[in-house]
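Okay, structure first, notes after.
The values are calculated or read from the model by the stated rules, or taken from the named source; none is laboratory data. What you see is a predicted model, and the numbers here were worked out from it, not measured in a lab. A quick note on method: Cβ atoms are made from the backbone with ideal geometry, for glycine too, and the neighbour counts reach across all protein chains shown. Heads up: the accessible areas ignore ligands, DNA and RNA and are worked out on the full protein's heavy atoms, side chains in. Shrake-Rupley method; radii C 1.70, N 1.55, O 1.52, S 1.80 Å.
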Amino acid sequence: MPEKIEQDDEVRGWFAGRISDAWFTGPVTVSGDREEILVVGELADVQLAADASPAEQAAARSSRVDGFREDTRGGRIRIASDAEHRFGRKVSWGVRIGDTTTMFTTLGMPVMTRLRMRERAVLDTLVDAGVARSRSEALAWCVKLVGDNESAWIEKLRGAISAVESVRSEGPRPN
């Protein structure tokens, strides 16, 4: 899950004012980091017969997502361009429908890291085994795995960071 972005009230308010009420069933979720703002909205679910199969439901939802993506492309591009100019970050989009979230445009940011031989060997094993196509993809896979399996710990860590920032803001200011 992306971290909270600075000026989050302003950013959320700005997107709430710019996005058509007809696009989503409720307010959008706005999150991000230093490089990217992620905007995710909920689409109205599809209406199917009570005996619709899971495959029929999946196909109908996928079709709804594809239609939304095409129908709103121009508007999303205009909004993203204005937001990128205003906030200095790229904008990515996604939608939720039922229990599925689909991302349209998210950034893959290069991140520099220094790894010792033991860590490189782990990445190389993942590549050699066909789990990943490259060390970069293997490292992204590892980060996702930690995020998925240690999400409670990550959230606790984020809470601790927020608490430290709050206490710092209450303290004396340097001259």
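Numbers at a glance
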{"quantity": "Per-residue HN-Hα couplings for segment 149-164 [Karplus 6.51, -1.76, 1.60; θ = phi - 60°; Hz; x = Gly/Pro]", "calculated": "8, 10, 4, 5, 5, 4, 5, 4, 5, 4, x, 5, 5, 4, 5, 4"}
{"quantity": "Ranked packing of 95-101, 109-115, most packed first, by mean Cβ within 10 Å", "calculated": "95-101, 109-115"}
{"quantity": "Rounded to whole Hz, the Karplus (6.51, -1.76, 1.60) HN-Hα couplings of segment 130-138, x for glycine and proline", "calculated": "x, 5, 9, 8, 8, 4, 4, 5, 5"}
{"quantity": "Table column - 3J(HN,Hα) (Hz), segment 55-69, Karplus curve with 6.51, -1.76, 1.60, x for Gly and Pro", "calculated": "5, 5, 5, 4, 5, 5, 5, 4, 5, 4, 5, 4, x, 4, 4"}
{"quantity": "Relative contact order computed over the chain (Cα-Cα under 8 Å; 6+ residues apart), in percent", "calculated": "15 percent"}
{"quantity": "Share of carbon and sulfur in the accessible heavy-atom surface of segment 1-114 [1.4 Å probe, %]", "calculated": "49 percent"}
{"quantity": "Shape of segment 1-89, Cα gyration tensor, a/c cut at 1.5", "calculated": "prolate"}
